[in-house]
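See below for the structure under consideration.
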Amino acid sequence: NAGVTQTPKFQVLKTGQSMTLQCAQDMNHEYMSWYRQDPGMGLRLIHYSVGAGITDQGEVPNGYNVSRSTTEDFPLRLLSAAPSQTSVYFCASSLKLAGTGELFFGEGSRLTVL
Amino acid sequence: AQSVTQPDIHITVSEGASLELRCNYSYGATPYLFWYVQSPGQGLQLLLKYFSGDTLVQGIKGFEAEFKRSQSSFNLKKPSVHWSDAAEYFCASRGSGAGSYQLTFGKGTKLSVIP
């Protein structure tokens, strides 16, 4: 019962460094998404995907790239990290593309950019 | 655009007391509505969801929520709070139109429970 798996759980970067947050789900979900969580801001959508090869921007996409080469994986790339990207990142997936489908969340990846 | 408002940032209740967390949504039609809970250091877990029909929906851990169209509200309730309910609670909505993929979250309400 792995569900949604995120790695790494913790990461410290220096400004300007690049990294990739990994997300994998084993539920054959079509919809996958990345959120960032900041104190007092709730969860804000960064990017999402409705299937392999299809991605789109959410509310706060700047500074982040995504790709979806397989149904299972949806990595989030930071090409040049900035202190403003210090946050907790959550990957979430859903069986249904829209409507009633609930999101299943990973446990989060805490990123600090110095 | 959709929006979800949780007016209370932080609520403190005594163990055994009743609980009501407020949520208001903004959407032209009736959206799909969700309540999630997040324990410290964890991801979000679904408590309950509303699509249509009965305005009172039951969820896990003894929680329920009442949908009121006239007030654009979807408040979360629990008759008797347990210390383990201390967590952060998020209300969320998704549009009911075709192609409505995105889930919009409120900013959350942190619940503290006094033993």
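The values are calculated or read from the model by the stated rules, or taken from the named source; none is laboratory data. Computed from a prediction, not measured in an experiment: that's the story for all the values here. For neighbour counting, all protein chains shown are included, and Cβ atoms are generated from backbone atoms with ideal geometry for every residue, glycine included.
One residue alone among B:Ser80, B:Ser72 is at pLDDT 90 or above and under 19 Å from B:Ser26 (Cα atoms), and that residue is B:Ser72. Residues that are over 16 Å from A:Gly106 (Cβ atoms) and in contact with a strand residue (DSSP E or B) (Cβ under 6 Å, 6 or more places away or on another chain) within the stretch A:69-81 comprise A:Arg77, A:Leu78, A:Ala81, listed in sequence order. At least 3 residues that are within 14 Å of chain A (Cβ to nearest Cβ) in each: list the strands (runs of 3 or more DSSP E) lying fully within the stretch B:6-50 that qualify. Strands (runs of 3 or more DSSP E) meeting the threshold: B:32-38, B:44-50.
Checking each residue in the stretch A:29-59 for being buried (at least 22 other Cβ atoms within 10 Å of the Cβ), of a type in the set (A, V, I, L, M) and either without any contact (Cβ under 8 Å) to a residue 40 or more places away in the chain or in contact with a Pro (Cβ under 7 Å, 6 or more places away or on another chain) (or both) picks out only A:Ile46.
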